[in-house]
Amino acid sequence: MKILVCISHVPDTTSKINFSDDNTKFDTTGVQFVINPNDEFGLTRAMWFKEKQGAQVTVVNVGGAETEPTLRKALAIGADDAIRVNTPATDGFSVAKQLTSVINSGGYDLVIAGRESIDYNGGMVPGMIAGLTNANFVNNCIGLEVDGTSAKAVREIDGGKETVSTSLPLVIGGQKGLVEESDLRIPNMRGIMMARKKPLNVVEPVGTSAETASVSFEKPTPKGAVTLVSPDNIDELVNLLHNEAKVI
Amino acid sequence: MSVLVYTESEQGAFKKAAFEVASYAKAVANQLGTTVTAVAINVNDVSALGNYGVDKVLNISNTQLDNFNANAYASAIKEAAEKESAQVVVVSSTADSKYLAPLLAVSLNAGYTSNVVEAPSSKSPFTVKRTAFTNKAFEMTQINTAIKIVGVSNNAFGLVENTGSASAEDFSPSIPDLGVTVESVDKATDKVTIADAEIVVSGGRGLKGPENWDMIEELADVLGAATACSKPVSDLGWRPHSEHVGQTGKPVASNLYIAIGISGAIQHLAGINASKVKVVINTDSEAPFFKAADYGVVGDAFQVVPELIEKLKAFKAQQ
């Protein structure tokens, strides 16, 4: 089985978010970048398929050379090789088209992407890849088994989960639950050394047009100070929630 | 030309999100000077949509669509969009809508923007405001395609009532290869889901152990609220992952969010920031959550929460 894991290069979850160039660009000054957490759960599940079922795992990212350390980290975790599509990730649709070109030339059976990236939260790339490559698609995937060409997946739904059966080729929108937080792997020294020698192929983009464009950003207006209520006066809290906030 | 809206339902009845997206679709239609057509799948009575500005309902009844299937639903909405020459298609931010929207975008060759919180600020170029960086920022986004798909955030635009009536028309789209078959569904039907809840009661590590969740459940019961938890709590296995709210868990956009024993890590605050009113109960007055909250109680949850339950019961009895 050939698996492609799509890796988004995103600011660490603790990052302070600021904008530059008159609020039109994300300011990366001082920001540490990581593998998108939803992608990392998928990558870790892919490692399971590699170790138990002999799968071959390729990681891919659409982005400039600055994203390569993130791909190297994925290689250090255990992916076999990496591909970087050499173009900035502008909007979800164009990223999906770039990835589709990689999928069509690589002949992957299973494509694992995160449900959404934690930066732009578009939540569209996995579904669009599935649509563009005519593959089956399971979103919000929290469990996956593959046997030959058939697959069984668990999908989180509002208020519960459902178990579905489907077949390869398959695209997964993954999230926590595919593996547990405690299953995530920190690359060891041997992994890091080996990652330096693994192939990281840079491919040039196919021509696409962006369907959507980011115009500008703004930050939420700062909140007023908290109203403190004494623990001995919980009646007052009920009163405030009813009469002032009007939420009960 | 029209605005098409997918009005989601469950077991024959509309979800709350359906009325919110209908309200949004009406606002867009007013800007564009056109009408709103809704697509409803296996809904018993579609007349309520008229109260939210829908002019016409394409009513689909098909037992093959009893279980949600993203391919089949996206294909039905696509057929409806073509029939109505829709310029704009509006969907919600439920798990199902977010599942089908990218497939719909590919089949209509439409630009899609999710997590939209306001009516378009401009119709040409078509520009909408959405949340990004998990609620740490807003992004103004243009959609430049002929057909545009807007995914509206839950509990952001709100319900706007209208005095109209919707005409219903039977619609029988073709059903494509499903690709994915539902084997079983495991869902608590008696509980409010985090996505639908007006009020969410959430517990953190300050509660010391899963055995102390009874009072969280009871508080949620009194308020008709959903229960949630912080990331450490789900990682420790005290509560299921499905309750984890925050940047890598579920987003919350309730009217009231009550955080108990949660210190307020930046990732947690990002995930719940879209909630309108936030209450924090924590022993540590230096906890970051107090900077993000509207109301706070510096106190021991094991004393404050039972008392809050009693006071709320008395309040509810009075109402």
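When the residues of the stretch A:198-208 are narrowed to those that are within 30 Å of B:N144 (Cα to Cα) and loosely packed, with under 12 Cβ neighbours inside 10 Å, which ends up farthest from the other protein chains (Cβ to nearest Cβ)? Break it down into steps so the answer makes sense when it comes.
Step one: of the stretch A:198-208, the residues within 30 Å of B:N144 (Cα to Cα) are A:202-208.
Now narrow it down to the ones that are loosely packed, with under 12 Cβ neighbours inside 10 Å: A:202, A:204, A:207.
Details: A:V202: 27, A:E204: 23, A:G207: 16 Å.
Among those residues, the one meeting the criterion is A:V202.
When the stretch A:172-211 is examined, which residues are found to be at pLDDT 95 or above, closer than 21 Å to A:N121 by Cβ and not in a loop (DSSP other than H, G, I, E, B)?
Answer for the stretch A:172-211, where residues must be at pLDDT 95 or above, closer than 21 Å to A:N121 by Cβ and not in a loop (DSSP other than H, G, I, E, B): A:I172, A:G173, A:G174.
For residues that are surrounded by fewer than 19 Cβ atoms within 10 Å (Cβ to Cβ) and within 21 Å of B:T248 (Cβ to Cβ), tally how many sit in the stretch A:159-180.
So the answer is 2.
Given the condition surrounded by 22 or more Cβ atoms within 10 Å (Cβ to Cβ) and either polar (S, T, N, Q) or farther than 21 Å from A:I35 by Cα (or both), answer yes or no: does some residue in the stretch A:110-118 qualify?
Filtering the stretch A:110-118 down to residues surrounded by 22 or more Cβ atoms within 10 Å (Cβ to Cβ) leaves A:110-118.
In the following step, the residues that additionally are either polar (S, T, N, Q) or farther than 21 Å from A:I35 by Cα (or both) were identified as A:117.
Yes, some residue in the stretch A:110-118 is surrounded by 22 or more Cβ atoms within 10 Å (Cβ to Cβ) and either polar (S, T, N, Q) or farther than 21 Å from A:I35 by Cα (or both).
State the number of residues belonging to the stretch B:143-188 that are under 17 Å from the mean Cα position of the chain (by Cα) and among the polar types (S, T, N, Q).
3
So B:L178 ticks every box in (1) outside the structural domain of B:F126 (by TED's automatic domain parsing); (2) closer than 30 Å to B:T131 by Cα; (3) in contact (Cβ under 8 Å) with a residue 24 or more places away in the chain but one. Which box is left unticked?
It is condition (2) that B:L178 fails.
Give the residues of the stretch A:227-247 that are more than 7 Å from every other protein chain (Cβ to nearest Cβ), outside any helix (DSSP H, G or I) and surrounded by 14 or more Cβ atoms within 10 Å (Cβ to Cβ), sorted by residue number.
Within the stretch A:227-247, no residue meets the criteria.
Going by what's in this entry, would A:A76 be described as in a helix (DSSP H, G or I), in contact with a Pro (Cβ under 7 Å, 6 or more places away or on another chain) and among the aliphatic types (A, V, I, L, M)? Break it down stepwise before answering.
Numbers: in a helix (DSSP H, G or I): yes; in contact with a Pro (Cβ under 7 Å, 6 or more places away or on another chain): yes; among the aliphatic types (A, V, I, L, M): yes.
When the stated conditions are applied, A:A76 passes them.
Enumerate the strands (runs of 3 or more DSSP E) found wholly within the stretch B:251-319, keeping only those where 1 or more residues are more than 9 Å from chain A (Cβ to nearest Cβ), of a type outside the set (D, E, K, R) and under 26 Å from the mean Cα position of the chain (by Cα). Break it down into steps so the answer makes sense when it comes.
Working: elements: B:256-260, B:277-282, B:295-298.
Correct list: B:256-260.
State all residues of the stretch B:103-151 that are more than 26 Å from A:D27 (Cα to Cα) and among the hydrophobic types (A, V, I, L, M, F, W, C); if no residue qualifies, say none.
Matches in the stretch B:103-151: B:L103, B:L104, B:A105, B:V106, B:L108, B:A110, B:A119, B:A146, B:I147, B:I149, B:V150.
What are the residues in the stretch A:107-144 that are part of a strand (DSSP E or B), farther than 23 Å from B:H244 by Cβ and more than 7 Å from every other protein chain (Cβ to nearest Cβ), if any?
Start the filter on the stretch A:107-144 by keeping residues that are part of a strand (DSSP E or B), which leaves A:110-114, A:136-144.
Now narrow it down to the ones that are farther than 23 Å from B:H244 by Cβ: A:110-111, A:136-137.
Those that are part of a strand (DSSP E or B), farther than 23 Å from B:H244 by Cβ and more than 7 Å from every other protein chain (Cβ to nearest Cβ): A:L110, A:V111.
Filter the stretch B:47-67 for residues that are surrounded by 20 or more Cβ atoms within 10 Å (Cβ to Cβ) and in contact with a helix residue (DSSP H, G or I) (Cβ under 7 Å, 6 or more places away or on another chain); which is nearest to B:F157 (Cα to Cα)?
By that ranking, first place goes to B:Y52.
Any idea which of A:V10, A:V5 is in contact (Cβ under 8 Å) with a residue 12 or more places away in the chain and over 18 Å from A:G143 (Cα atoms)? First the steps, then the outcome.
Numbers: A:V5 fails: over 18 Å from A:G143 (Cα atoms).
From the options A:V10, A:V5, the qualifying one is A:V10.
Do we find that B:S254 is farther than 20 Å from A:L241 by Cβ and not assigned by TED's automatic domain parsing to the domain that holds B:V152 in this structure?
Details: farther than 20 Å from A:L241 by Cβ: no; not assigned by TED's automatic domain parsing to the domain that holds B:V152: yes.
Criteria not met by B:S254.
Tally the residues that are of a type in the set (G, A, S) and either at pLDDT below 95 or surrounded by fewer than 23 Cβ atoms within 10 Å (Cβ to Cβ) (or both), restricting the search to the stretch B:30-46. Steps first, answer last, please.
Step one: filter the stretch B:30-46 for residues of a type in the set (G, A, S), giving B:33, B:38, B:40.
Within this subset, residues satisfying the condition of being either at pLDDT below 95 or surrounded by fewer than 23 Cβ atoms within 10 Å (Cβ to Cβ) (or both) are B:33.
Number of matching residues: 1.
Of the numbered conditions (1) at pLDDT 95 or above; (2) surrounded by fewer than 23 Cβ atoms within 10 Å (Cβ to Cβ); (3) not in a helix (DSSP H, G or I), A:T90 satisfies every one except a single condition; which is it?
(1)
Are any residues in the stretch A:99-108 in contact (Cβ under 8 Å) with a residue 24 or more places away in the chain, surrounded by fewer than 22 Cβ atoms within 10 Å (Cβ to Cβ) and of a type outside the set (V, I, T), and if so, which ones?
A:S101, A:N104, A:G106, A:G107 - these are the residues of the stretch A:99-108 that are in contact (Cβ under 8 Å) with a residue 24 or more places away in the chain, surrounded by fewer than 22 Cβ atoms within 10 Å (Cβ to Cβ) and of a type outside the set (V, I, T).
Which of the residues belonging to the stretch A:160-183 are among the aliphatic types (A, V, I, L, M) and in contact with a Pro (Cβ under 9 Å, 6 or more places away or on another chain)?
Residues satisfying the conditions are A:V171, A:I172.
Which of the numbered conditions does B:T131 fail, given that it passes all the others? Conditions: (1) outside any strand (DSSP E or B); (2) of a type in the set (S, T, N, Q); (3) under 21 Å from A:G92 (Cα atoms).
That leaves (1) as the condition not met.
Mind listing whichever residues of the stretch A:14-26 are exposed (fewer than 15 other Cβ atoms within 10 Å of the Cβ) and either free of Cβ contacts under 8 Å to residues at least 12 places away in the same chain or of a type outside the set (D, E) (or both)?
A:T14, A:K16, A:S20, A:D21, A:T24, A:K25
Out of the residues in the stretch A:133-157 that are acidic (D, E) and surrounded by fewer than 19 Cβ atoms within 10 Å (Cβ to Cβ), state the one that is farthest from B:F68 (Cα to Cα). Show your work before the answer.
So in the stretch A:133-157, the residues acidic (D, E) come out as A:145, A:147, A:156.
If we keep only those that are surrounded by fewer than 19 Cβ atoms within 10 Å (Cβ to Cβ) too, we end up with A:145, A:147.
Numbers: A:E145: 21, A:D147: 24 Å.
The residue in question is A:D147.
For the stretch B:116-142, which positions are within 18 Å of the chain's Cα centre (by Cα), within 7 Å of chain A (Cβ to nearest Cβ) and small (G, A, S)?
Matches in the stretch B:116-142: B:A132 only.
When you look at A:Q32, is it surrounded by fewer than 19 Cβ atoms within 10 Å (Cβ to Cβ), within 20 Å of A:G114 (Cα to Cα) and without any contact (Cβ under 8 Å) to a residue 40 or more places away in the chain, yes or no? Spell out the reasoning first.
Values: surrounded by fewer than 19 Cβ atoms within 10 Å (Cβ to Cβ): yes; within 20 Å of A:G114 (Cα to Cα): yes; without any contact (Cβ under 8 Å) to a residue 40 or more places away in the chain: yes.
In short, yes.
Go through (1) charged (D, E, K, R); (2) part of a strand (DSSP E or B); (3) facing chain B (nearest Cβ under 9 Å) one by one and return the number of the condition A:K223 breaks.
A:K223 satisfies all of (1) charged (D, E, K, R); (2) part of a strand (DSSP E or B); (3) facing chain B (nearest Cβ under 9 Å) except (2).
Identify all residues within the stretch B:1-21 that are in a loop (DSSP other than H, G, I, E, B) and without any contact (Cβ under 8 Å) to a residue 24 or more places away in the chain; write none if there are none.
First, the residues of the stretch B:1-21 that are in a loop (DSSP other than H, G, I, E, B): B:1, B:7-8, B:11-12, B:15.
Across the stretch B:1-21, the qualifying residue is only B:Q11.
Name the pairs: first residue in the stretch B:134-150 and within 12 Å of A:N121 (Cβ to Cβ), second residue among the basic types (K, R) and surrounded by fewer than 23 Cβ atoms within 10 Å (Cβ to Cβ), Cβ to Cβ under 6 Å, at least 6 apart or on different chains?
B:A137/A:K219; B:F138/B:K129
Strands (runs of 3 or more DSSP E) wholly in the stretch B:143-242 with at least 1 residues that are at pLDDT 95 or above, within 14 Å of another protein chain (Cβ to nearest Cβ) and more than 30 Å from A:S150 (Cα to Cα) - which ones? Show your work before the answer.
Details: elements: B:148-152, B:167-170, B:181-187, B:199-203, B:226-229.
So the answer is B:148-152, B:199-203, B:226-229.
The values are calculated or read from the model by the stated rules, or taken from the named source; none is laboratory data. Fair warning: this is a prediction, and the values are worked out from it, not measured in the lab. We place every Cβ from the backbone using ideal geometry, glycine too, and count neighbours over all the protein chains shown.
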